[in-house]
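Participant: Got a structure for you, questions after.
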Amino acid sequence: MTEQVLIAALQDEVQRKQAFQTLVENYQERLYWHIRKFVFNHEDANDVVQNTFIKAWKGLKNFRADSKLYTWLYRIATNECITFVNKRKKMRSEDLEGEEAYQHSAHLQADDFFDGNEAERKLYEALETLPEKQRAVFQLRYFEEMKYDDMSEVMGTSVGGLKASYHHAVKKIEKFILET
Amino acid sequence: MKRHRSTEKMKPDKNILNELQEISPLLYKMRQESGNPFSVPNGYFDELKSNVFRAIDTGLADDIGKASFKVPENYFEQLTTNIMDRIEAEEVVETESGGVVIDLQTHRRRESFSVRRMSVMAASVAIFLLLGIFTARFFLQDSVVNSEMAISQDEAIEYVEDNYSEFESEDLLALVDLANEDIALDVTDDLEYELEQYLEEHIDELDEYLLTNEI
């Protein structure tokens with residue numbers, strides 16, 4: 001099914017549900033892994049990806065056919081990730097009351113569903129030090145290999161701004177890995 | 001536990017990899033060598049689709065984004081009444097040591113502080129106001145006082161009002177003593193009137209200050 005056909009079906013009340021099933025099948029893994037690399041934990045990623053698709057379902061009526069489904073979905077998913085991470089940080093800082101900020105990356109090694117090496121663990125630890133939006137830019141480029149034009153639709157930022165942000169993010173991560 | 005990894009293997013974008021290599025050879029190398037270190041339980045993605053549609057079908061999707069908190073019925077109707085009742089119940093009463101009674105219903109104020117306390121309050125305010133004035137006179141020469149650089153009385157008052165919280169009462173008293181010895185204070189009828197007006201307008205702040213600080 002081409003994207004145009006799928007979009008048309010999504011906007012038709014009769015075909016909407018079936019079309020949405022197709023949408024979920026087509027994008028669930030990609031979106032899940034994008035989210036998972038943000039939140040690390042499988043249970044959290046499961047919550048966020050479900051919320052993403054539910055929000056997409058609710059937003060179908062407002063979906064403008066001039067943007068791609070792909071960038072639209074990634075926009076919802078990325079916003080959900082940022083919201084989730086910020087909420088989790090706030091909850092953790094209230095719990096810890098002045099203790100060092102909780103790092104989820106530090107607990108990756110103990111996670112049954114993570115078997116990366118030390119370098120990979122350091123990479124995810126470095127990601128946690130970035131501001132959320134910059135982290136999103138990095139992950140979309142580094143892991144998802146997203147083009148800047150598409151990323152501009154996802155993040156709502158200019159291409160020039162994204163290039164600068166990505167450049168700085170890479171440098172920060174490199175420095176973190178070399179110094180730790 | 002059986003695990004499922006990402007089955008997608010996208011053809012690497014050469015432009016994106018070249019860009020990464022230019023910025024950081026280290027991260028470029030890591031990108032080439034590492035895969036996806038995360039996994040999920042087997043069958044997870046088959047369940048995911050079902051879970052999403054179950055949420056949509058049962059109306060759970062409608063709850064996403066809604067406020068998670070509820071209040072008892074008629075809560076907001078009762079709230080105004082409850083607040084006013086509490087305010088009445090918590091009226092400040094006259095204490096044996098002297099205090100300020102404020103009748104919030106009619107905004108009348110019954111002050112029953114001693115003459116001594118009244119004098120102290122008046123003195124404090126006078127000190128605050130005069131500090132601004134004689135500070136300008138103390139530091140400025142006569143030839144300057146009447147120049148364009150002279151600080152007006154209003155400016156001095158404004159300065160004291162903005163910064164009075166930083167003045168230590170002992171320092172102020174010391175300065176007043178000094179001023180009384182060396183500088184003839186020109187206390188005009190206007191200044192007295194302004195002092196009275198200032199007292200009237202800032203009585204609440206002074207009350208609070210006196211209640212929290214012992215003079």
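The values are calculated or read from the model by the stated rules, or taken from the named source; none is laboratory data. Note that the coordinates shown come from a computational prediction; the quantities given were computed from them, not determined experimentally. Surface areas here come from the heavy atoms of the whole protein model, side chains and all, with no ligands, DNA or RNA. Shrake-Rupley method; radii C 1.70, N 1.55, O 1.52, S 1.80 Å.
Participant: Measuring from the lowest to the highest alpha carbon on each principal axis, how far does segment A:125-180 reach, largest first, in angstroms?
Facilitator: The Cα atoms of segment A:125-180 stretch 35, 18, 17 Å along the principal axes, largest first.
Participant: Pairs to check: A:Lys61/A:Lys90; A:Lys175/B:Lys49; A:Lys122/A:Lys147; A:Lys90/B:Lys14; A:Lys58/A:Lys172. Give those whose C-alpha atoms are more than 30 Å from each other in this structure.
Facilitator: Exceeds cut-off: A:Lys61/A:Lys90; A:Lys175/B:Lys49; A:Lys90/B:Lys14; A:Lys58/A:Lys172.
Participant: How do A:Lys147, A:Lys55 rank by accessible surface area computed with a 1.4 Å probe, from largest to smallest?
Facilitator: Accessible-area ranking of A:Lys147, A:Lys55, largest first: A:Lys147, A:Lys55.
Participant: Further question: Using a 1.4 angstrom probe on the protein heavy atoms only, could you order A:Lys122, A:Lys163 from most to least accessible area?
Facilitator: From most exposed to least exposed: A:Lys163, A:Lys122.
Participant: Does anyone have the angle between helix A:118-128 and the longest principal axis of chain A? Alpha-carbon axes, 0 to 90°, nearest 10?
Facilitator: 70 degrees
Participant: Please give the solvent-accessible surface of A:Val137 in Å², to the nearest 10, using a probe radius of 1.4 Å with every protein chain present.
Facilitator: Here the residue's solvent-accessible area equals roughly 10 Å².
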